[in-house]
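The values are calculated or read from the model by the stated rules, or taken from the named source; none is laboratory data. If you're wondering where the values come from, they're calculated on a predicted model, not measured in any experiment. As a convention, Cβ positions derive from the backbone with ideal geometry for all residues, glycine included, and neighbour counts pool all protein chains shown. Side chains are part of the model used for accessible areas, which takes the heavy atoms of the whole protein and leaves out ligands, DNA and RNA. Shrake-Rupley method; radii C 1.70, N 1.55, O 1.52, S 1.80 Å.
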Amino acid sequence: MAAAEEPAKRRTGSSRATGRRPAGEPRHRPSKGPAWAMRTAAEQLTELLGRAPDSVSALKPTNDGWEADIEVLELERVPDTTSVMATYRVSLDKEGDLVAYERTRRYTRGQIDRRG
């Protein structure tokens, strides 16, 4: 009679299968790519203005870091399509620090952009 086969063991050291990292292993920081730049620009503008961004409408790398256009609700009105929105251009250095920002446009939420 053959010996009973031992059940297959689960692999326990792999964080890839579970999405969790083993205890004590440092957290992997994502590279400073577009998603990181979008989050960083939005977070820092929120801190300065005291208002959360509605969206990031443009992002581009520059020689010095990143430049993002961020849409912010400036004045909430009823109906919502008459609320006043603003576009802010935010410049980040390569480390992600906000070095400049300016409001480039104000418009009502329901307005269609007729440029270009």
Pairs, please: C-beta under 7 Å, at least 6 apart or cross-chain, first residue over 15 Å from A100 (Cβ atoms) and in segment 40-69, second part of a helix (DSSP H, G or I) and open to solvent by 70 Å² or more (accessible area, probe 1.4 Å)? V56/M38; L59/P34; L59/M38
Qualifying positions in segment 44-62 - surrounded by 14 or more Cβ atoms within 10 Å (Cβ to Cβ), farther than 14 Å from M85 by Cα and aliphatic (A, V, I, L, M): L45, L59
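Pick from D54, D69: which is within 27 Å of R106 (Cβ to Cβ), in contact with a Leu (Cβ under 6 Å, 6 or more places away or on another chain) and modelled with pLDDT of 95 or more? If you could, list the steps in order and put the result at the bottom.
Working: D69 fails: in contact with a Leu (Cβ under 6 Å, 6 or more places away or on another chain).
Answer to the check: D54.
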Strands (runs of 3 or more DSSP E) enclosed by segment 43-116 - at least 3 residues per element that are among the charged types (D, E, K, R): 65-75, 98-108
Inter-residue pairs, beta-carbon under 9 Å, first over 15 Å from D64 (Cα atoms) and modelled with pLDDT of 85 or more and in segment 96-116, second part of a strand (DSSP E or B) and open to solvent by 70 Å² or more (accessible area, probe 1.4 Å), 6+ apart: E102/R89; R103/R89; T104/R89; R109/D54
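Only residues that are among the small types (G, A, S) and over 23 Å from the mean Cα position of the chain (by Cα): list them for segment 67-87, please. Give the steps one after another, and end with the answer.
First, the residues of segment 67-87 that are among the small types (G, A, S): 68, 83, 86.
Answer for segment 67-87, where residues must be among the small types (G, A, S) and over 23 Å from the mean Cα position of the chain (by Cα): just S83.
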Filtered residue count, segment 63-116, keeping only those that are of a type in the set (S, T, N, Q) and surrounded by fewer than 15 Cβ atoms within 10 Å (Cβ to Cβ): 6
